[in-house]
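A short write-up of the structure that comes next.
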Amino acid sequence: MQISKSSESTDQTSALELDNVSLSYDGGPNVLTNLNLSLPSGSFHFLTGASGAGKTSLLKLLYLAQRPTQGSVRLFGTNVTAAARSALPAIRRKVGVVFQDFRLLDHLSAFDNVALPLRVANAPEPEIKSNVSELLSWVGLDEYMDAKPETLSGGQKQRVAIARAVVNRPRLILADEPTGNVDDTIAMRLMQLFMEMNKLGSNVIIATHNEHLVAKFGFNRLALENHRLSELPPLAANGAQA
Amino acid sequence: MISLRTDLPLGGDSASRFIPWLMAIMVFLGILSVSGVAVFDTILSGWSRAVTGTLTVQIPALSAINEDSANQARTDRAVAALESLPSVRSVKVLKNTEIEALLAPWLGDAAAIGDLPIPVLIDVSLSDESTAIIEGLRTAVTTVVPDAIIDDHRRWFEHLIDLTEGFRLLTIGIALIVTTALALTVVYATRASMAEFREVISVLHLIGARDIYVATQFAKRTLSAALKGSAGGLLAGVFTQIAIGLLASNVESGFLPDIDLGFGFWISLPLVSLAAAVLAMITAYITVLSTLRSMV
Ligand SMILES: Nc1ncnc2c1ncn2[C@@H]1O[C@H](COP(=O)(O)OP(=O)(O)OP(=O)(O)O)[C@@H](O)[C@H]1O
Ligand SMILES: [Mg+2]
């Protein structure tokens, strides 16, 4: 019992904690060095940094595709760095990810791609049907439910990927350049979706290069520079606010 | 019902190319060995029905010439002794013509047989065949005719049973080899497919799939590929079976007993095919689970 207690955080308000986290690939130089961070439930952040700064790498640590070389990651009070392999699926189901390269399954329709997180969690098929259809309509793809990813444009694929990331109402949403391939109108609509999810209680972290987006929505920033992470206040903007 | 829908692509990988053919061949071989045993059993039980409850008493002829009355007396004594036994149902002395008919294929011209010291053969049918009864009969007959030979078919029959057992062991051996080959090939094909579907497996894991979910996907897929193949193997097996049956019925009757393999045999064929497909499915499931667990 001692052990399981020590892996549960006593601070319930912290959804995400990094404790002295470093990462290097295959014994190479550090991509991330000594990151410390604690985010309360319901936070919304942009993750910024130059190309190659390590944004995707940091997100990988958070969606458990990568273990830190040093330090520990806590999600919703559980030390995921120390967690057993069998404990990971349950944690991953609480995290929705929009991958930078989408990672849609090519042989599945848009509908089935979006349905995947629900199927994996054994949700009943009628519930899957209504949730997925509703969400695909919301991202403007109701005409494309049966389309295979290869027949979709980059922006359409991105919207499928976003729908898949949020369909099971995850507690943490990680989006890697989610507006990279869409025009401003759709980008606004997608931001609105993330903000809705955030209102419902999800933590959201959006990695982006898009200064314009960061300026328009005044959210706190996490900035990666020289392998280190700093929390910055909202970018002073032209009055626009969420 | 269980849906065979999976999150994996429908074809194009090692497992979906390999497994149907593999299954077809294995099921075909399986059916041939099962029917081999069934045919052999049927023939054997036909023979054993013909010889059980009977034995033959041989009274050797004393000499070729002019001993007819002595021979007759010996025969009569033996028949009387046999008839006095309670477990003897009937006693029949084979006529010379019948014996000549039995010997004709070996000795040829029947005219010559009259000059040979041909033994007298007595067919005895028994109501009880236990060793004690047969030993009692042997004592009773040899008391009155010391050089009488009692042939209870047992020796011949025991050889036949040895042969059947050998044949059975051989079939079990073949079945084991076929099953092992099936399982090993499924393991190999499943591993190859897992490598080909690395990206799909990775995405499934990242969105929260458990190893069991991934393994189930592969198992369903393997089952549907295996069912396709084993249906083919079943058809080919049954077709071959019927063809052999037709060929056998063309063989002069009497040489082979009529072979009716029965309902149980025919119903066992689809069951064997189904069992092979299920075996492939379980093998794929276990392979995926153990491969995933060995990954970090
Ligand atoms: N799998 C990997 N193996 C080795 N090195 C890697 C791997 N993934 C990323 N890197 C390296 O880590 C560094 C950070 O990469 P990362 O993809 O995290 O950057 P990023 O901030 O997401 O960049 P971008 O904005 O272009 O997407 C880069 O120098 C990259 O070459
Ligand atoms: Mg990146």
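Summary of computed values
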read-out	value
Search result, residues across the range B:160-194 that are surrounded by fewer than 12 Cβ atoms within 10 Å (Cβ to Cβ) and of a type in the set (Gly, Ala, Ser)	B:166, B:173
Matching residues, the range B:195-207, being more than 7 Å from chain A (Cβ to nearest Cβ) and either among the small types (Gly, Ala, Ser) or open to solvent by less than 20 Å² (accessible area, probe 1.4 Å) (or both)	B:195, B:197, B:201, B:202
Qualifying residue in the range A:126-137 (condition: within 13 Å of chain B (Cβ to nearest Cβ) and of a type outside the set (S, T, N, Q))	yes
Long-range neighbours under 7 Å by Cβ, at least six apart or interchain, first residue closer than 15 Å to residue B:8 by Cβ within the range A:112-124, second in a loop (DSSP other than H, G, I, E, B) and not polar (S, T, N, Q)	A:113/A:104; A:113/A:105; A:116/B:7; A:116/B:207; A:120/B:207; A:120/B:208; A:120/B:209
Pick from the range A:50-103, criterion within 12 Å of ligand 2 (Cβ to nearest atom) and touching a helix residue (DSSP H, G or I) at 6+ places or on another chain (Cβ under 7 Å), ranking: most open to solvent (accessible area, probe 1.4 Å)	A:100
Condition met for residue A:110 (away from ligand 1 (no atom under 16 Å from the Cβ) and in contact with a Leu (Cβ under 7 Å, 6 or more places away or on another chain))	yes
Residue check for residue B:234: away from every other protein chain (no Cβ under 14 Å), crowded, with 20+ Cβ neighbours inside 10 Å and in a helix (DSSP H, G or I)	yes
Flag for residue B:188 being at negative phi, more than 14 Å from chain A (Cβ to nearest Cβ) and not aliphatic (A, V, I, L, M)	yes
Matching residues in the range A:1-40 - criterion: being at pLDDT 65 or above and not in a strand (DSSP E or B)	A:25, A:26, A:27, A:28, A:29
Residue A:123 vs. criteria open to solvent by less than 30 Å² (accessible area, probe 1.4 Å) and more than 8 Å from chain B (Cβ to nearest Cβ)	yes
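For every residue, the table says whether it meets (1) away from ligand 1 (no atom under 16 Å from the Cβ); (2) within 14 Å of chain B (Cβ to nearest Cβ); (3) under 26 Å from residue A:25 (Cα atoms); (4) in contact with a strand residue (DSSP E or B) (Cβ under 7 Å, 6 or more places away or on another chain).
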site	(1), (2), (3), (4)
A:156	yes, no, no, no
A:166	yes, yes, no, yes
A:170	yes, yes, no, yes
A:181	no, no, no, no
A:192	yes, no, no, no
A:197	yes, no, no, yes
A:209	no, no, yes, no
A:214	no, no, no, yes
A:229	no, no, yes, yes
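The values are calculated or read from the model by the stated rules, or taken from the named source; none is laboratory data. As the structure is a computational prediction, the values presented were derived from the model and not from experiment. We place every Cβ from the backbone using ideal geometry, glycine too, and count neighbours over all the protein chains shown. Accessible surface areas use protein heavy atoms only, side chains included; no ligands, DNA or RNA. Shrake-Rupley method; radii C 1.70, N 1.55, O 1.52, S 1.80 Å.
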